[in-house]
1. Read phi for every residue in region 11-22 and hand back ³J(HN,Hα) as whole Hz from Karplus 6.51 cos²θ - 1.76 cosθ + 1.60, θ = phi - 60°, with x for Gly and Pro.
2. Any idea how far apart SER25 and ILE7 come out in nm if each label point goes 7 Å out from Cα toward Cβ?
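Every number in this text was worked out from the coordinates using simple rules, so none of it is lab data. Since the structure is predicted, the reported quantities are computational estimates derived from the model, not experimental observations. Virtual Cβ from ideal backbone geometry, glycine too; neighbours counted across all protein chains shown.
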Amino acid sequence: MVQNIIIFLIFAVAVVYMGRVIYRSFMPNKNAGCAKGCGSCSAIDFSKIQKELAKKSA
């Protein structure tokens, strides 16, 4: 009986973990630069690029 409860708890934790991974893969991370949400891409700051281009052209 105790073994069944332990197995069920491990299975439930695994299901929650997989659900979280799937949910995060479809929801964009606001801190990441791309929609994958893994954070490996660097975020592109368009306003910074625009300011640098304005400095160079002036």
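1. Each residue's phi maps through the Karplus curve to give 5, 5, 5, 5, 5, 5, 4, 5, x, 5, 4, 5 Hz.
2. For the pair SER25/ILE7, the computed spacing is 2.7 nm.
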